[in-house]
Amino acid sequence: IFSNCPRTTLYRQSALARLLSSLAVLEQRDGQLNHASLSAVTAAQKIGGSITGIVAGSSIKPVAEAAAKVKGIEKIIMVDNAAYDKGLPENYAPLLAANIKKEGFTHVFAGHSAFGKNMMPRVAALLDVQQISDIIEIQSEDTFVRPIYAGNAILTVQSSDNIKLVTVRGTAFAAAEAEGGSAEVVEGVDPKVEITTEWVSEDLAQSDRPELASAKRVVSGGRGLKSKEQFDQIIPPLADALGAAIGASRAAVDSGFADNSLQVGQTGKNVAPELYLCAGISGAIQHLAGMKDSKVIAAINKDADAPIFQVADVGLVGDLFEKVPELTEKLKAQ
Ligand code: FAD
């Protein structure tokens with residue numbers, strides 16, 4: 001068929017025929033698969049072709065078996081080594097690079113989480129390709145859409161790299177279904193890189209509330225709360241009445257009203273719940289960048305001109321110290 005084709009055409013034909021194959025980087029913590037990282041699988045599904053997942057850490061088999069059940073994954077690469085338990089990018093990046101080179105993936109997807117943001121640029125450097133960050137849409141196998149300038153502009157990026165290394169915004173790609181698949185589990189390459197970085201300890205905020213990034217409802221408080229005592233007095237009861245996670249603006253976090261892990265926005269978490277209810281938050285663009293994709297936005301602010309009302313579906317102009325407890329009581333009475 002190709003006997004009359006010039007060589008360059010032949011190369012192009014064979015390049016086009018090359019099968020698409022994606023690697024989804026799956027996060028685990030203490031032997032539990034992090035379901036938020038399954039948005040990487042959903043992104044890979046949009047590309048088409050085969051999908052492989054990778055998990056690494058000590059006693060990794062149960063995690064690999066859980067990952068094998070994720071719908072849409074054909075193969076799980078597991079690497080059993082305690083060195084990968086805490087996801088240190090210094091050794092995780094060479095691990096990924098070695099397995100990507102061995103299997104010849106065309107695409108690699110990871111969540112745009114702290115782990116993904118920390119590790120993927122190093123993988124990109126090791127493979128000498130460009131990383132494509134925080135995508136919200138896939139237009140084709142080489143074209144991706146991502147927000148820039150805190151969501152004020154949307155950039156369409158076309159990549160000519162032979163391996164596309166992509167981090168995925170979790171709020172734009174729902175997590176793949178955790179059940180229904182039956183992938184084969186294989187052992188991956190372990191480069192066992194010697195690193196000079198040592199994991200010492202971590203200090204995790206514990207909470208019985210829904211996880212902020214994936215909660216269906218979020219109640220957030222801002223600088224308008226004026227003190228930590230008032231934040232704790234006003235916001236949690238409303239969150240309890242709604243079964244919601246608690247969020248905060250950066251001003252509230254910087255003022256010590258709320259823990260850093262609760263910050264919503266450009267430099268905090270991205271959330272897109274069914275309901276985002278905020279009180280005493282002005283609506284700075286950096287805050288909107290993290291919550292404006294919420295289905296329903298409700299705002300309470302005493303300033304009728306506050307920018308939050310420009311994005312709010314429901315607004316209440318009034319004193320939050322009066323309105324929030326009133327709303328909480330009404331919800332509790334229901
Ligand atoms: P303010 O802007 O001070 O607003 C307080 C609001 O409370 C006002 O609108 C006021 O009318 C209202 N209020 C006061 N008292 C009452 C009352 N009694 N009843 C009702 N309403 C009342 N911010 C984030 O939130 N998240 C980020 O990730 C983030 N990242 C940033 C990154 C960069 C590089 C920069 C430069 C800034 C970033 N910021 C971020 C900060 C952002 O610009 C704003 O300063 C911050 O969001 C303001 O928080 P706020 O709305 O709580 O406070």
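The values are calculated or read from the model by the stated rules, or taken from the named source; none is laboratory data. Note that this is a predicted model, so its numbers are computed, not measured. When we count neighbours, we look across all protein chains shown, and the Cβ atoms used for this are built from the backbone with ideal geometry, even at glycine. Please note that ligands, DNA and RNA were not included when accessible areas were found on the heavy atoms of the full protein model with its side chains. Shrake-Rupley method; radii C 1.70, N 1.55, O 1.52, S 1.80 Å.
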For this session: Scan region 160-179 residue by residue and report those that are open to solvent by less than 70 Å² (accessible area, probe 1.4 Å) and of a type in the set (D, E, K, R).
Result: ASP161, LYS164, ARG169
Seminar exercise, completed: Within region 202-223, residues being out of contact with any Leu (no Cβ under 6 Å at 6 or more places or on another chain), open to solvent by less than 90 Å² (accessible area, probe 1.4 Å) and either small (Gly, Ala, Ser) or within 16 Å of the ligand (Cβ to nearest atom) (or both) number 10
Exercise. Quick one: what pairs do we get from region 159-183, first residue under 16 Å from ILE138 (Cβ atoms) and charged (D, E, K, R), second open to solvent by 40 Å² or more (accessible area, probe 1.4 Å) and modelled with pLDDT under 95, C-beta under 8 Å, 6+ apart or different chains?
Worked result: ARG169/HIS112; ARG169/ASN270
Exercise. What number goes with the only condition from (1) surrounded by fewer than 18 Cβ atoms within 10 Å (Cβ to Cβ); (2) more than 6 Å from the ligand (Cβ to nearest atom) that ALA258 does not pass?
Worked result: (1)
Problem set entry | Residue within region 295-302 that is touching a residue at least 40 places away in the same chain (Cβ under 8 Å) and either near the ligand (Cβ under 10 Å from one of its atoms) or within 25 Å of the chain's Cα centre (by Cα) (or both) present | yes
Seminar exercise, completed: So, first residue within 13 Å of ALA279 (Cα to Cα) and among the aliphatic types (A, V, I, L, M) in region 215-244, second residue at pLDDT below 95 and open to solvent by 60 Å² or more (accessible area, probe 1.4 Å), Cβ within less than 7 Å, six or more apart or across chains; the pairs are ALA239/ARG209
Exercise. Tally time: how many residues in region 307-334 are within 9 Å of the ligand (Cβ to nearest atom) and either crowded, with 20+ Cβ neighbours inside 10 Å or among the acidic types (Asp, Glu) (or both)?
Worked result: 5
For this session: Identify, from the list GLY265, GLY280, GLY290, the residue that is open to solvent by less than 20 Å² (accessible area, probe 1.4 Å), out of contact with any strand residue (DSSP E or B) (no Cβ under 7 Å at 6 or more places or on another chain) and near the ligand (Cβ under 6 Å from one of its atoms).
Result: GLY265
For this session: For region 180-193, indicate whether the set of residues that are away from the ligand (no atom under 16 Å from the Cβ), surrounded by 11 or more Cβ atoms within 10 Å (Cβ to Cβ) and within 18 Å of the chain's Cα centre (by Cα) is non-empty.
Result: no
Problem set entry | Verdict on GLU274 being more than 11 Å from the ligand (Cβ to nearest atom) and more than 18 Å from PRO236 (Cα to Cα) | yes
